[in-house]
Structures are given as C-alpha cells and as structure tokens.
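Each reported figure results from applying straightforward, stated rules to the coordinates on display, with no laboratory input. Everything numeric in this text was worked out from a predicted model, so none of it was measured. Using ideal geometry, Cβ is built from the backbone for each residue, glycine included, and neighbour counts are taken over all protein chains shown.
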Amino acid sequence: MDDAPAHTNDLAAALEAVTGAGTVSADPARCALLSQDVWAKGETALAVVKPQSDDAVAALLPVLAGHGLAAFPRGGGMSYTKGYTPDRPGVIVDLTGLDRIIEINADDMYVRVQAGCTWDTLHRALKRLGLRTPFWGPLSGLASTIGGGLSQNNAFFGAGLYGPSADSVLSLTVALADGSLLKTGSAGARNAHPFFRNYGPDLTGLFLSDCGAFGFKTEASLRLIPVPEHEAYGSYAFAGAASLSKAMSQVARANLASEVFGFDPGLARVRLKRASLSSDAKTLAKVVTGQGNLLRGVTGGAKMALAGRSFVGEADYTLHFVVEGRSKAGVAENFARVEASVTKAGGKRIDNTIPMVIRANPFTPLNNMVGPDGERWVPVHGIVRHSDAAACWQAIEDVFAARAQAFEAHGIHTGYLVTTLSTTGFLIEPVFLWPEALFALHEAAIDKAWLDMLPRHAENPQATAVVAEARSAVVEVFTRFGASHFQIGRSYPFAQTRSAPVRALLDRLKSGLDPHNIINPGVLGLESKP
C-alpha cells in the first residue's frame, strides 16, 4: 500500500491492527470490482478489508466509525439491488474469509457455519452425512454465501415446502457497530447452545432480511433434516400465464412439492439457447451419477438424451416440480396428487428433464449472469398472494407491452421465472437481457471459456436507461399489489411503504444499533437519526 494516499495508509494500519496483517487492500482494481453488483457500480470503496474471525469483524466497525467511514458488507457478490454497493465514502468488508463449517451436530440436528461459507460447500458437507438444511440454497449457491443469503433472503431449493432461507435459521452471531458480538435465540444465554430460535422475542428474525442494516452476521446456526431418500420430477406445459399461475398455486397450497417453479416462453428460449453440447454432456453425467442408484440414473440419463433440447414447445408456459420423501410409495402418492391437480388446471405432461437436471446439478457455474449472446442480464422480483398472482403478472405484461417499441429499438428482451414459497407466497421474477458492456464482476464470476465464446457489446447507456425505467415501473406494479421483496438493498421501497408505527420502530432500531450511521447505510431506505 506504499503508493496509496497517506490517509488510506493510516486507515489500513488502523484496520490491520485489529484484523491482522495483509487483510486490507487499497488496490484500485480490487476496490472497484468489489464495489459493484450485477446491476450497478457503486462509489469505489477506499479499501477492502477481509477479516478472518468474528472478533475481527466486530473490532473493525468502531475503527471505521472513528474515521467517519461507512462499512459495506459483501459476501458472494450476487446482489442485483445495490445490496452492498457504496453510496458514500467507505470500506468494503469482504466476509468470504469467514468460510468455515464450525460444527455439524447430528445428535441435536443443527449446523453452525460462518457467514462466508457458500451454500454449495455446506450442502456437500452435510450430504456426506445424510443430512440437509430444510432450505438448502439459491440457484447461485456456488458463489452465494450463507450470510448473504440470510441478509437478503433467498428462494429456491426446498422453498416449496420449507419457505425461504430465513425460515431455516435457529440462531445468529452478529457484529454490532459498538464492537460487540450478539448471539440470538437459545445461544443468547451464558453457556448455552444454538439449538432453538424461539426463546423470548425473536431477535434472530430482527437480523434476517435486513441487508446488514442492523449488524453484520458472522455465524449462523441452521436446522437439519435427514436427506430425503426418494425423488420424483414432473414437468407440464400450459397455454398461458393465468393457467400456469393457477396450477402452481394449487400445488403450493397442497404443500407436497419441495420446488415448484415455471418459465414463460421467453425465458425458456433463453435457457435452451444457452445450452451447449459440452454442457449437455456434463449435465448428462451428473444426472446419471446423481440419481441415487445406477439403474435409475441410467434411465434418467437415457430419457434426457432422447429428449434432447426439445423439452417444450415454442409457445409453452412450463411448470416444473420436485417431490421428495423417505419412501418410494409416499413419493409416488404425493406425486400422483400433484399431477392430478396440475392436469385438472390444464397442464399437459412433457419430458421432465429440466427439474431432473436442476436437482442433479443444483449449483452450476454463474454463466446465467449473461445472456446467450453476451447480453447483460438483470432481474427484478416481487412476492404476492396466490389470489393476486395472475393479475399481477398481467399488469407487468401491460408495462412491457407499453414499452414494446422501445424494447425492440434497443434490443431488449424479457422473460419470467416464477416460483412458490411454502403455502403462501408466489414469486414473480421478470428478467431483462439487453446489449451492453459487461462489468468487471461478470469477468471475474463467469467461466472464462464461456465468456470467450460469446460476442461482446459496447457500452449502451441508452438501452440501460430504458431497462432501468422499466424495472422501476415493474416495482410500482408490485407495490400496488402489496408485494414483498427479497434482497431489498437500495432498490425496493421498503421504508417508504411502511406504516407510521412500523417506520418509527425501524428508525429507532437503526439509530440505536448504529448511532453513527456506518452499518451499510441506506439499505432498506434507513439512515440513523442523531
């Protein structure tokens, strides 16, 4: 850091005094890389600090407060809502150095894991012991961290039965702005253990989905369940979004499928176009080896090979689900119930390759962060009631129809991923693809071999402005339907839409826990009040 400005060297020395030698970098390229997410570039951080312990995380926060600088927590970097991108002078706190699985307690059925561990790493370690967390990771679990997932909240694996990531948490260790470490749940007593969440007020819940606004998570304890021994996969085609939505809601209400998800024709075409012969071969191998026994694996692989990529029709809306359980007979019974419900709603059975492949290879390389022709990619999402799903989806379609001419002029394409969260939530996620230059984040996260095959685009601020306006219009639709959101960051109007009593409580919490307004200030729409 000899070439850094004197004040930066002073800051680095102060930080390394509590975090250890070699934990601070002011390299301009690294600071710029870690100051951007999938959607936006933030103000470049003055430095990046990578603590190696929860004590170090807690100790560095008062140091930054003393320098009048903000602390921005970063995990795997998969945010698309400015979840950690600096908007004022500050330092990125890279939490991926806290990547250990501390304890797998099979007797008491919980696992203690540091915040920087990835979902993929945790899942692999537990699977070897025949164990799993109820919710076991987002699609980006190869890079996404436990701490990031609990700060932002996640959908996907296991969410159809067990809800999002926050619903599998028992206890947290949180570094607070004053330099202390707070343990929640049953671990909040002296000489206690993190086996139970609900002892007194739910302090664990306070620090979930908070985007790091109240403190930085350093450790989490998650509930364990036995790995289900049997699985069955279903895929069905529908003529339109309304019938697909109805069917998905029926499946969710029955609470029989661990994952329930669907695509519109636009996103299905993108996914199929991304496929390559080499990736098909690798996926086929994982289907064969990941099915639990050789005969079942070979059968699944043969079905996939015969189906090729013609899984769905060009105009089909598709629903996919996974049923899992401890007995083959029980899985078959639940599958039959789901199938009857889906068929009654108008679904036509198609090859079940998609859910089979996703289960065989759940955490794939992050090549989906760009389009099949090298386009930029960004989602936006909302979670609505089942009774509002079809109408909300149609309202978003109306937003896109009103902008069809602008989309065509700028080469902007859209698609949808939809999924359910236990019995009550219906998540709608429109995605945008458009020709635009990639960020350093994309270059760092995506396989180089994949990137080398793709065309590159010049900077295209006009198209990006159209996407930004359309995303804002979609958020307005979600707000009109009373939607909830994951990874609120600095993109969804959380604080602005709260009732007066809720907003007052949030402001008191923020000011009490973060009086100097240094803990990821601005996320959730919150700033500490002197």
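Structure data summary
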{"item": "Potential extension, A21-R508 segment - 0.36 nm per residue separation minus Cα distance", "result": "171.7 nm"}
{"item": "Neighbour-count order for Y84, Y416, Y162, fewest beta carbons within 10 angstrom listed first", "result": "Y162, Y416, Y84"}
{"item": "Given charges at Cβ of Lys, Arg, Asp, Glu: the chain dipole, positive-most of I446, A45, L417", "result": "L417"}
{"item": "Between 0 and 90°, nearest 10: helix 294-307 axis offset from the chain longest Cα axis", "result": "80"}
{"item": "Whether the range 355-459 is rounded, prolate or oblate, judged on the alpha carbon gyration tensor where a/c under 1.5 counts as rounded", "result": "oblate"}
{"item": "Charge dipole (debye, nearest 20) of the chain; +1 at Cβ of Lys and Arg, -1 at Cβ of Asp and Glu", "result": "1440"}
{"item": "³J(HN,Hα) computed for each position of the range 188-203 - Karplus, 6.51 cos²θ - 1.76 cosθ + 1.60, integer Hz, glycine/proline x", "result": "x, 9, 5, 6, 10, 10, x, 9, 8, 8, 9, 10, x, x, 7, 5"}
{"item": "In Hz, Karplus ³J(HN,Hα) per residue of the range 41-49 (6.51, -1.76, 1.60; θ = phi - 60°; x = Gly, Pro)", "result": "9, x, 5, 5, 4, 5, 7, 10, 10"}
{"item": "Sorted by Cβ density within 10 Å, fewest first, the residues L421, L513", "result": "L513, L421"}
{"item": "Residues of type aspartates and glutamates that K348 reaches as a straight line, Cα spacing below 12 Å, ignoring anything fewer than 8 places off in the same chain", "result": "D316, E339"}
{"item": "Selection from T81, L61, S258, by position along the positive dipole direction of the chain (Cβ)", "result": "S258"}
{"item": "Helix-only [θ]222 nm of the chain, DSSP H runs n ≥ 4, -39500 (n - 2.57) each, per residue, nearest 500", "result": "-11500 deg cm²/dmol"}
{"item": "Residue exposure sequence - V48, V342 - by fewest surrounding Cβ within 10 Å", "result": "V48, V342"}
{"item": "Distance violations [Cα-Cα > 20 Å] among K82/K448; K183/K217; K82/K529; K50/K127; K50/K448", "result": "K82/K448; K82/K529; K50/K127; K50/K448"}
{"item": "Using alpha-carbon coordinates, inclination of helix 265-274 to the longest axis of the chain, degrees", "result": "80"}
